[in-house]
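No lab work stands behind these numbers, since they all come straight from the coordinates. Fair warning: this is a prediction, and the values are worked out from it, not measured in the lab. Here the Cβ positions follow ideal geometry from the backbone for every residue, glycine too, while neighbour counts run over all protein chains shown.
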Amino acid sequence: MFLFTSKRERNLWLWAFAVIIAIYSTLGLAGKLAANLRERNLLDSIYVFGFALAVIAIIGSGVKLRMGKYEIWVALGLVAVYGMVSVRFFLSPEERTHLFEYGIVATLIHQALLERKRNEGNVSVPALLAIIITALLGWLDEGIQALLPNRVYDISDVLFNALASFMAVIASVILSAARKKMTKKGDVSTN
């Protein structure tokens, strides 16, 4: 593995790259799709459905990982924070999608950097580096939009992308800390 320290790290980077390509490939269509969904009064419903799927995924991974009571409460608290930020800070469902889009990218990059650190130890602050890389990718997204005739560069979207990366990485760090705490107490299976 020339560029990567393990197969897992390579796969995490490939998934992050695939998500970024998916985000960038929809830049020309996103405005038209959002307008079409808004005309049919489906935009909010689709966002709520996506949020529900994310909650189900979190619960599913919690069951798979055999989360302890403390971890479950931490995870539910994080879901509540995401829900509140989603409702209170963003004006439209289009802007809310940044939480998921760049949150997923940040989480994948953070996990890839953690895997690299576990195998080589040459990544000093994986969380900060993941936030910076993801924020730069979000900024590039807006830069591309500035070049498209039906899109505009919006500094608030750059900030939303950075916020999404920050929230996702911090959530990952908090859940990891909760897991370690429970593992030390013996409340969680270490399988």
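Among residues of the range 104-119 that are in a helix (DSSP H, G or I), those with a Cβ under 7 angstrom from a residue that is among the polar types (S, T, N, Q) and surrounded by 21 or more Cβ atoms within 10 Å (Cβ to Cβ), sequence gap 6+ or separate chain, pair up as VAL105/THR134; ALA106/THR134; ALA106/SER165; ILE109/THR134. Here ARG151 meets each of (1) surrounded by fewer than 18 Cβ atoms within 10 Å (Cβ to Cβ); (2) in a helix (DSSP H, G or I) with one exception, condition (2). Checked against the criteria, ALA168 does not count as in a helix (DSSP H, G or I), surrounded by fewer than 13 Cβ atoms within 10 Å (Cβ to Cβ) and hydrophobic (A, V, I, L, M, F, W, C).
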